[in-house]
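**Student:** I'd like to ask you about the structure that follows.
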Amino acid sequence: MRRHRRWPPRLAAVHGFDETTEELGQAILKYAEERLRLDPVPLDGPRTKEQLDVVAGETITPDGMGGLPALRLFEEDLAPACISTDHPRYLSFIPCAPTEAATLFDLVVGASSIYGGSWLEGAGAVHAENQALRWIADLAGLPPQAGGVFVPGGTVGNLSALVAARATARARHTGEGPRPNKVAGTVSAHSSIKSACDVMDADLVGVQVDERQRLTGDNLRRVLEAEGPEQFFAVVATCGTTNFGIVDDLASVAEVCREFGIWFHVDGAYGGAGLAAPSVRHLYAGIEHADSFIVDPHKWLFAPFDCCALLYREPALARAAHTQKASYLDVLTEAPEWNPTDYAVGLTRRARGLPFWFSLAAHGTRAYSAAIERTLEVTRFAAAEIERRDHLEALREPDLSVIVFRRLGWTPADYHAWSDRILAEEFAFVVPTSHEGETVARFAIVNPNTTEDDIAAILDSMADPA
């Protein structure tokens, strides 16, 4: 007779759904529901390590504290020590404002124990993710065969695209000279481009921007001809720089890339979402020629962290660069189906695109376009308010939903004192940035719940000395 294994009591309690799990589950669902119902959500703010040590103490112990006490600790002490990125006055960095549908479905993804790396194990999830990717590809005007994968964020997306670009260039290299190992981009390119080049031991060559702070084909051509175009395996353009929201002259850059046969990558981690907004769609002319393209739905497409859509014009090139070979993986790598892990750095992956897919499926794409247009409307209001106030001055008219401006008469210390004060008051979260050595203020507006009243109130707080 086969004997059942007896687990030690403590281990037996780790897995399995019993009365304790039922009680904990109800408490977690209640917490999630109440958090989603908050309007507005609390801004909250950071605490020091010493303060958290006092309230939390040692949370990891041999016998555990129990689920309900751990949840209570998170709810009462740890969560309030985190700034809410979905607060309507969180205007720093690039906020995250997921829809309620996307957030709720993130719970489903976690509960479903889905492995999203292969078709064999997660066909239904991969099918849904690919439909969401197809919507983005269609917005960009990429061809029917375009496809890709959802990765954790823009850093991994940019790195994966550049790895595919270099592998493709090296496979085509037939000359006797050194294989191409350079990437062209501007100083406005996201820091992850420099990081990716460092990881790859590749050289990032800077290209001067034009008077509108954009990468252009003319400036790019000068650099390529001076350095030798055969040394480059990729050019990186940006549609929506992080600091200013600037969209490069994609059409002219694409033309030069075609002329020299160099991979054209477009980083739209923040700004790519603007493809869904008719009022700014013209700014993206030329993106349809991209060999690879990224956009983070967790930024301006209302998905939870962490979610970056990575798309390739010719996915087979990325698959050749990224597919991992091992005997235990033969059943996957020799199969004809679409395996997401073949298209990016990394093997293990959660089905992180599903919350985005679910929200798209639930609300429809027109609702997404309307929500993005709403943030652009509020940004234009902010620009107008800055213009009419004598003590404020915009550095540049916004392309998208980021606006950078100065408060006349303020020193760097004034900006930081003001920023610290309004966060301490849980009024708003707006950190300073810098441009050409000058400390300035910056709004990044990606939350449709941010209103004109919010903008006016924050600007009003800058009227008096910090």
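The values are calculated or read from the model by the stated rules, or taken from the named source; none is laboratory data. Predicted, not measured: the structure shown is a model, and the values here were computed from it. As a convention, Cβ positions derive from the backbone with ideal geometry for all residues, glycine included, and neighbour counts pool all protein chains shown. Heads up: the accessible areas ignore ligands, DNA and RNA and are worked out on the full protein's heavy atoms, side chains in. Shrake-Rupley method; radii C 1.70, N 1.55, O 1.52, S 1.80 Å.
**Student:** Go through the residues of the stretch 134-149 one by one and say whether even a single one is surrounded by 22 or more Cβ atoms within 10 Å (Cβ to Cβ), out of contact with any Ser or Thr (no Cβ under 7 Å at 6 or more places or on another chain) and more than 12 Å from residue 293 (Cα to Cα).
**Tutor:** Within the stretch 134-149, none of the residues are surrounded by 22 or more Cβ atoms within 10 Å (Cβ to Cβ), out of contact with any Ser or Thr (no Cβ under 7 Å at 6 or more places or on another chain) and more than 12 Å from residue 293 (Cα to Cα).
**Student:** Follow-up question, since we're still on this one. Does residue 273 satisfy the criteria of being in contact with a Gly (Cβ under 9 Å, 6 or more places away or on another chain), part of a helix (DSSP H, G or I) and open to solvent by less than 60 Å² (accessible area, probe 1.4 Å)? If you could, list the steps in order and put the result at the bottom.
**Tutor:** Working: in contact with a Gly (Cβ under 9 Å, 6 or more places away or on another chain): yes; part of a helix (DSSP H, G or I): yes; open to solvent by less than 60 Å² (accessible area, probe 1.4 Å): yes.
Yes: the conditions hold for residue 273.
**Student:** Filter the stretch 225-255 down to residues that are over 19 Å from residue 282 (Cα atoms) and buried (at least 24 other Cβ atoms within 10 Å of the Cβ), then give me how many there are.
**Tutor:** Initial filter on the stretch 225-255 (over 19 Å from residue 282 (Cα atoms)): 225-236, 242-243.
If we keep only those that are buried (at least 24 other Cβ atoms within 10 Å of the Cβ) as well, we get 232-236, 242.
Final tally of qualifying residues: 6.
**Student:** Moving on to the next point. Based on this model, can you work out whether residue 29 counts as in a helix (DSSP H, G or I) and either among the polar types (S, T, N, Q) or open to solvent by 70 Å² or more (accessible area, probe 1.4 Å) (or both)?
**Tutor:** Details: in a helix (DSSP H, G or I): yes; either among the polar types (S, T, N, Q) or open to solvent by 70 Å² or more (accessible area, probe 1.4 Å) (or both): yes.
So residue 29 passes the test.
**Student:** Kindly check whether there is at least one residue in the stretch 232-249 that is on the phi > 0 side of the Ramachandran plot and without any contact (Cβ under 8 Å) to a residue 12 or more places away in the chain.
**Tutor:** Step one: filter the stretch 232-249 for residues on the phi > 0 side of the Ramachandran plot, giving 240, 245.
Narrowing the set further to residues that are without any contact (Cβ under 8 Å) to a residue 12 or more places away in the chain leaves none.
Checking the stretch 232-249: not a single residue is on the phi > 0 side of the Ramachandran plot and without any contact (Cβ under 8 Å) to a residue 12 or more places away in the chain.
**Student:** Shifting gears a bit: For the stretch 36-93, give me each residue that is polar (S, T, N, Q), open to solvent by 40 Å² or more (accessible area, probe 1.4 Å) and in a loop (DSSP other than H, G, I, E, B). Lay out the reasoning, then the answer.
**Tutor:** First, pick out the residues of the stretch 36-93 that are polar (S, T, N, Q): 48, 51, 59, 61, 84-85, 92.
Going one step further and asking which of them are open to solvent by 40 Å² or more (accessible area, probe 1.4 Å), we end up with 48, 51, 59, 61.
48, 59, 61 - these are the residues of the stretch 36-93 that are polar (S, T, N, Q), open to solvent by 40 Å² or more (accessible area, probe 1.4 Å) and in a loop (DSSP other than H, G, I, E, B).
**Student:** Can you pull out the residues in the stretch 237-265 that are more than 18 Å from residue 212 (Cβ to Cβ) and assigned to a strand (DSSP E or B)?
**Tutor:** 263, 264, 265
**Student:** Since residue 278 meets every condition but one in (1) open to solvent by 10 Å² or more (accessible area, probe 1.4 Å); (2) free of Cβ contacts under 8 Å to residues at least 60 places away in the same chain, which condition does it not meet?
**Tutor:** All conditions are met except number (2).
**Student:** Taking residue 416 as the residue in question, decide whether it is over 21 Å from residue 246 (Cβ atoms) and in contact with a strand residue (DSSP E or B) (Cβ under 7 Å, 6 or more places away or on another chain).
**Tutor:** no
**Student:** For residue 233, only one of the following conditions fails: (1) assigned to a helix (DSSP H, G or I); (2) among the hydrophobic types (A, V, I, L, M, F, W, C); (3) touching a Pro at 6+ places or on another chain (Cβ under 8 Å). What is its number?
**Tutor:** Among (1) assigned to a helix (DSSP H, G or I); (2) among the hydrophobic types (A, V, I, L, M, F, W, C); (3) touching a Pro at 6+ places or on another chain (Cβ under 8 Å), the lone unmet condition for residue 233 is (1).
**Student:** Quick one: which of 140, 169, 226 is among the hydrophobic types (A, V, I, L, M, F, W, C) and without any contact (Cβ under 8 Å) to a residue 12 or more places away in the chain? Walk me through how you get there before you give the answer.
**Tutor:** Details: 140 fails: without any contact (Cβ under 8 Å) to a residue 12 or more places away in the chain; 169 fails: without any contact (Cβ under 8 Å) to a residue 12 or more places away in the chain.
Just one listed residue meets the conditions, 226.
**Student:** Could you list all residues from the stretch 456-466 that are open to solvent by 40 Å² or more (accessible area, probe 1.4 Å) and modelled with pLDDT of 95 or more?
**Tutor:** 460
**Student:** Turning to a different aspect of this structure: Restricting attention to the stretch 418-455, which residues are assigned to a helix (DSSP H, G or I), crowded, with 19+ Cβ neighbours inside 10 Å and in contact with a helix residue (DSSP H, G or I) (Cβ under 7 Å, 6 or more places away or on another chain)?
**Tutor:** Step one: list which residues in the stretch 418-455 are assigned to a helix (DSSP H, G or I), which gives 418-424, 452-455.
From the residues that got through so far, the ones that are crowded, with 19+ Cβ neighbours inside 10 Å too are 418, 422-423, 454-455.
The answer is 455, and nothing else.
**Student:** Right, another one. What pairs come up if the first residue lies in the stretch 188-209 and is touching a residue at least 12 places away in the same chain (Cβ under 8 Å), the second is part of a loop (DSSP other than H, G, I, E, B) and open to solvent by 20 Å² or more (accessible area, probe 1.4 Å), and their beta carbons are under 6 Å apart, counting only those six or more places apart or on different chains?
**Tutor:** From the stretch 188-209, the pairs are 190/242; 202/181; 206/187.
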